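The values are calculated or read from the model by the stated rules, or taken from the named source; none is laboratory data. No experiment lies behind these values; they were computed from the predicted model shown. In this analysis, Cβ positions are derived from the backbone assuming ideal geometry, glycine residues included, and neighbour counts consider all displayed protein chains. Accessible surface areas use protein heavy atoms only, side chains included; no ligands, DNA or RNA. Shrake-Rupley method; radii C 1.70, N 1.55, O 1.52, S 1.80 Å.
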Amino acid sequence: MRYIEFEKIAETVESLCVSAGYELPCDVLAALEEAAQKESDPAAAKILNQLIENARIAKDERIPLCQDTGLAVVFVQRGSEVAVKPASGRKQATSNFRKAGDLFDAINTGVAAGFQKGYLRKSVVADPLNKRKNTRSNTPAIIHQQIVAGDQLKLTVMTKGGGCENKSRFWMFRPTAERDKIIDWIVDVVRTAGADACPPFVVGVGIGGDFEMSCLLSKMALCRKLDQRNSDKFYAELETDLLSRINALGLGPQGLGGDTTALAVLVETAACHIASLPVAVNIECHSHRHKTAVI
Amino acid sequence: MSEIKKLQAPLTEADVRSLRAGDEVLVSGAVYTARDMAHKRLCESIEAGDKLPFELDGAIIYFVGPTPARPGRVIGAAGPTTSSRMDPFSPKLIANGLKAMIGKGYRGDEVREALKKYSAVHLSTIGGAGALLSRHIVAAEVIAYEDLGTEAIRRLQVVDFPAIVAYDCYGSSVYK
């Protein structure tokens, strides 16, 4: 068993949150630059260049990329030989649901520290319907844990904005549904998201699994590099076809027209029930913030 | 593309009537921040006949919840949030004198009717450009609902804040 200190995990998550808030990933910046060069609509190209300039200002002047610094979604790949060495004297967990000193407590401690020290916006309310009181720490994070072989801990922090998340959708298709029908529905989800969700988008698609698995896949898909296609040829072609259909909508940056409605479409799949064909679309804005570290 | 128009807050009826969907504008002067919860409270105050925390007549509301300011700075990132979430509340504010809103994205039919009936506009600015837009904000102070944190109402002084007329007072929209 390999013991990783509670503090080490918290510090790693803290620094991932801060860098996500201020530094647009290289592949996203490269996709914006390429789109700005290819864009045939001058007004749309101007907006794309403003987004590139925004990323430069954010990094150089330490102003967050976007005021919505997001809900922290943390994907954990925990080696089966990894154990957390608890912080000494820690009696209270960051969240009521967690044991003080465990992995989830360490992650939430890191998120709270990152959002506080990094001057990021605290956008989490404790109760969804009744009081909606802000927790003032941006915790609890949404944590998805996977146990894998080995003795390493891989942490990916995605800070997800509310505006684009609000436009994400799920649909349960008949298992006999044709590829074209699913493409039409996905394109319509993107069209409906429109100007409200800050295009150009990155579109995460989860196909298969069950109700919750397809939604999780659609978000996990967003962790992939934008220029990396699905390893399966059928789904790689689906990604390419979806991207051209979406860009043919003409929504453009900010929904004001243009060739660039999405920067990429990323599809992930899973086996599913003979009766089901679940499909989920996670809409991500151009401020596509995610950072990974391996301990 | 037409020449960029300069707007000085508060706005007059004539200012609003000079604007057409698609016009690029640069806004200067005082604008007030408000998001979901602040809108709900403002409308409750109007219904109760209470005094509002700022003069609504001719006012511009900016749909934004900024990040905290670093020491020595006026404000953090400050880009627009989705305007349509304010659709249930905006008509009441427009009927009571609000002349412009700054946000991003679409507005519903009731808002568009109110823009026509009372002569007001909806401006869209660059969603997700919170760092760039913050440079146009030279002063910020919380004036109401401090308990709401980022969602409190702030009076911002803005200089040449860039936006586009998304919905004008004649029923036209920049969105297809």
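Structure notes:
- Any hit, the range B:44-64, residues being assigned to a helix (DSSP H, G or I), modelled with pLDDT of 95 or more and touching a helix residue (DSSP H, G or I) at 6+ places or on another chain (Cβ under 9 Å): yes
- Of everything listed in (1) away from every other protein chain (no Cβ under 14 Å); (2) not in a helix (DSSP H, G or I), the single unmet condition for residue A:16 is (2).
- Filter result for the condition that a residue is under 30 Å from residue A:18 (Cβ atoms) and more than 14 Å from chain A (Cβ to nearest Cβ), over B:27, B:31: B:31
- Checked against (1) out of contact with any helix residue (DSSP H, G or I) (no Cβ under 8 Å at 6 or more places or on another chain); (2) more than 14 Å from chain B (Cβ to nearest Cβ), residue A:192 passes all but a single condition, namely (2).
- Restricting attention to the range B:107-130, the residues being open to solvent by 10 Å² or more (accessible area, probe 1.4 Å), over 14 Å from the mean Cα position of the chain (by Cα) and more than 19 Å from residue B:15 (Cα to Cα) number 3.
- Going through (1) over 30 Å from residue B:3 (Cβ atoms); (2) without any contact (Cβ under 8 Å) to a residue 12 or more places away in the chain one by one, residue A:42 falls short only on (1).
Yes/no per residue for (1) of a type in the set (Gly, Ala, Ser); (2) more than 9 Å from chain A (Cβ to nearest Cβ):
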position	(1), (2)
B:89	no, yes
B:101	no, yes
B:111	no, yes
B:118	no, yes
B:127	yes, no
B:133	no, no
B:146	no, yes
B:170	no, yes
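- Among residues of the range B:131-176 being under 30 Å from residue B:51 (Cβ atoms) and hydroxyl-bearing (Ser, Thr, Tyr), the one that is surrounded by the most Cβ atoms within 10 Å (Cβ to Cβ) is B:167.
- For the range B:1-38, a residue qualifies if it is open to solvent by less than 70 Å² (accessible area, probe 1.4 Å), of a type in the set (Asp, Glu) and under 23 Å from residue A:46 (Cβ atoms), and the qualifying residues are B:23, B:24.
- Unique match (being farther than 24 Å from residue A:153 by Cβ, outside the structural domain of residue A:155 (by TED's automatic domain parsing) and touching a strand residue (DSSP E or B) at 6+ places or on another chain (Cβ under 9 Å)) among A:31, A:36, A:44: A:31
- Taking the criterion of being more than 7 Å from chain A (Cβ to nearest Cβ) and exposed (fewer than 15 other Cβ atoms within 10 Å of the Cβ), the residues of the range B:57-72 that qualify are B:57, B:71, B:72.
- Taken together, the criteria exclude residue A:218 from residues that are under 20 Å from the mean Cα position of the chain (by Cα), among the polar types (S, T, N, Q) and within 14 Å of another protein chain (Cβ to nearest Cβ).
- Looking only at residues in the range A:33-74 that are of a type in the set (S, T, N, Q) and open to solvent by 30 Å² or more (accessible area, probe 1.4 Å), the one that is nearest to the other protein chains (Cβ to nearest Cβ) is A:50.
- Residue A:242 touching a residue at least 12 places away in the same chain (Cβ under 8 Å), more than 14 Å from chain B (Cβ to nearest Cβ) and under 24 Å from residue A:73 (Cβ atoms): yes
- Within the range B:1-24, the residues that satisfy the criterion of being more than 14 Å from chain A (Cβ to nearest Cβ) and either in a loop (DSSP other than H, G, I, E, B) or among the hydrophobic types (A, V, I, L, M, F, W, C) (or both) are B:3, B:7, B:9, B:10, B:11, B:12, B:14, B:16, B:18, B:19, B:20.
- Subset of the range A:156-186 that is over 18 Å from residue A:290 (Cα atoms), assigned to a helix (DSSP H, G or I) and touching a residue at least 60 places away in the same chain (Cβ under 8 Å) - its residue that is most open to solvent (accessible area, probe 1.4 Å): A:185
- Yes/no for residue A:147 being open to solvent by 10 Å² or more (accessible area, probe 1.4 Å), under 20 Å from the mean Cα position of the chain (by Cα) and not acidic (Asp, Glu): no
- Exclusive hit being without any contact (Cβ under 8 Å) to a residue 12 or more places away in the chain and out of contact with any His (no Cβ under 9 Å at 6 or more places or on another chain), set A:218, A:231: A:231
- Tally, over the range A:187-197, of residues that are out of contact with any strand residue (DSSP E or B) (no Cβ under 7 Å at 6 or more places or on another chain) and buried (at least 18 other Cβ atoms within 10 Å of the Cβ): 2
- Filter pass, residue A:153 being in the same structural domain as residue A:85 (by TED's automatic domain parsing), at pLDDT 95 or above, more than 13 Å from the chain's Cα centre (by Cα) and open to solvent by less than 10 Å² (accessible area, probe 1.4 Å): yes
- Selection within the range A:241-286 - among the polar types (S, T, N, Q), touching a Ser or Thr at 6+ places or on another chain (Cβ under 9 Å), buried (at least 24 other Cβ atoms within 10 Å of the Cβ) and closer than 20 Å to residue A:224 by Cβ: A:282
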